[in-house]
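The values are calculated or read from the model by the stated rules, or taken from the named source; none is laboratory data. Small disclaimer: the values here were computed from a predicted structure and weren't measured. Note that we place each Cβ from the backbone using ideal geometry, even for glycine, and neighbour counts take in every protein chain shown. Keep in mind that these areas ignore ligands, DNA and RNA; they rest on the heavy atoms of the full protein, side chains included. Shrake-Rupley method; radii C 1.70, N 1.55, O 1.52, S 1.80 Å.
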Amino acid sequence: MADQPRSTASLLFLSLTLLLQFCSGKSELQLNYYSESCPRAEEIIKEEVTKLYHEHGNTAVSWLRLIFHDCMVKSCDASVLLDTANGTTSEKTSGRSFGMRNFKYIDTIKEALESACPKTVSCADTVALSARDGIVLLGGPPIEMKTGRKDSKESHVAEVEQLIPNHNDSISLVLSRFQSVGIDVEGTVALLGAHSVGRVHCSNFVQRLYPTIDPTLNLEFAKYLKGRCPTPVPDPKKVEYARTDLVTPMVLDNLYYKSILSHKGLLLVDEELVSDPTTHPFVEKMADDNGYFLDQFSRALLILSENNPLTGDQGEIRKECRYANRD
């Protein structure tokens, strides 16, 4: 009889835990969510992502940035894809979304899914799985990603500035914003390794070059950057950009960390990763071990991909990713 209260308490605790999981929606994400409703869903996404990558290599980088912008803002719910229409102001209008592109190719992927399985696969899962497959094409690791997300019916444009870290933010602020979605210091350092691929527009780092060169910048690298960005006021509509990784700019690897240890980072946050005692040890470890970096990157991306998903009747399955469904 003495054991009965403990058993009752244990059952109550288990029930409460399951209830909280259900309310958060996380219990409804699962591997192979579409195995019965659309058996080829993940294969279709992979085929389309691969085809687009071979036609337009930068799409893989776009999918990586897209999942970050979607999942950091309240939920992994494809709200970032909504256009300004029907009283909705798009998150794409935010200054934090500057330089994002290739949205039209998400439409291409979604059209293939709709053709095979109408009104079945969410845009939110399309964003997540496109990023997963794009990472592999960039030389990154395969990631087992759960699905079952639903799409938001509204934009979160008012929250974008508060939730998406800025390249000029202090490293402590960047760390706190990632921590708010469950990503620790090690994971944050790993996710910033995405700066290893793609490019950065001059307007995002030109203040480190003019009127005087930032003394923390490697001088030879600063000369290269001034060649890429010859004026202190770049035209945001022109293709004026530079890359951190000049050796493997389209491979997700640890050369980013080697570059910033040599003070060859483009952004202020890159330099702060090296100078801050909280993050510096992880930068050194990732620079020394590419496998460790990729393991931590995968771990952190999985956490990000499961941030507060809409499931069940919390959201919808959009027919077109740019617009909420009309009732």
For the chain, size of Cβ-based charge dipole, Lys and Arg +1, Asp and Glu -1, in debye: 700
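Is the shape of region 75-146 best called rounded, prolate or oblate, per the rule: a/c under 1.5 gives rounded, else a/b larger than b/c gives prolate, else oblate, with a ≥ b ≥ c the square roots of the Cα gyration tensor eigenvalues?
Because a/c hits 1.5 or more and a/b fails to exceed b/c, region 75-146 counts as oblate.
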With every atom except the alpha carbons ignored, what do you get for Rg and Dmax of region 260-317, in angstroms? 16.5, 50
Which distance in nm do the two modelled labels at Glu284 and Glu111 give, with both placed 7 Å along the Cα-to-Cβ direction? 5.3
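If each residue of separation counts as 0.36 nm, what is the full-extension length gain between Lys237 and Lys319 once their alpha-carbon separation is subtracted? Could you put the intermediate results ahead of the total?
On the way: separation 82, 0.36 × 82 = 29.52 nm, distance 3.15 nm.
So the chain would gain 26.4 nm between Lys237 and Lys319.
Quick one: accessible area per residue over region 182-248, 1.4 Å probe, rounded to a whole number of Å²? Provide the component values of the computation, followed by the final result.
Values: 3220 Å² over 67 residues.
In whole numbers, region 182-248 has 48 Å² accessible per residue.
What is the sum of charges, Lys and Arg at +1 and Asp and Glu at -1, for the other residues whose Cβ falls under 11 Å from the Cβ of Glu186?
Values: positive: Lys285, Arg299; negative: Asp184, Asp295.
Net charge around Glu186: 0.
Tell me the volume per residue, in Å³, of the convex hull enclosing the alpha carbons of region 219-278. Write out the running numbers ahead of the final one.
On the way: hull volume 6.7 nm³, N = 60.
In region 219-278, the Cα convex hull volume per residue is 112 Å³.
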Sketch the reach of a paramagnetic label on Glu144 as a point 7 Å from Cα along Cα-to-Cβ, and name the residues of region 273-300 whose backbone nitrogen lies under 15 Å away. 298-299
Report, by chain and number, residues whose modeled amide H sits under 5 Å from the one on Leu310, excluding near sequence neighbours (fewer than 5 apart, same chain). Cys76, Lys150
How large are Rg and Dmax for the chain when only the alpha carbon atoms are used, in Å? 21.1, 81
What ³J(HN,Hα) values, in whole Hz, does the Karplus curve 6.51 cos²θ - 1.76 cosθ + 1.60 give for region 187-196 when θ = phi - 60°, with x put for Gly and Pro? x, 5, 4, 5, 5, 5, x, 4, 5, 5
Sum of side-chain charges, Lys285 neighbourhood, beta-carbon under 13 Å (Lys, Arg +1; Asp, Glu -1): -4
Lysines with Cα under 26 Å of Lys223, excluding same-chain neighbours fewer than 8 positions away: Lys237, Lys238, Lys258, Lys264
Over region 203-245, calculate the relative contact order: mean separation of alpha carbon pairs under 8 Å at least 6 apart, over the residue count, as a percent. 45
Once both labels are modelled 7 Å past Cα along the beta-carbon direction, what's the Asn166-Thr88 spacing in nm? 2.7
Give me the 1.4 Å probe accessible area per residue for region 281-324, excluding ligands and nucleic acids, in Å². 45
Over the chain, relative contact order from alpha-carbon pairs under 8 Å, at least 6 apart, %: 26
For region 167-320, build the charge dipole from Cβ charges (+1 Lys, Arg; -1 Asp, Glu) around the Cα centre, then report which of Val189, Tyr256, Asn204 sits farthest towards its positive end. Asn204
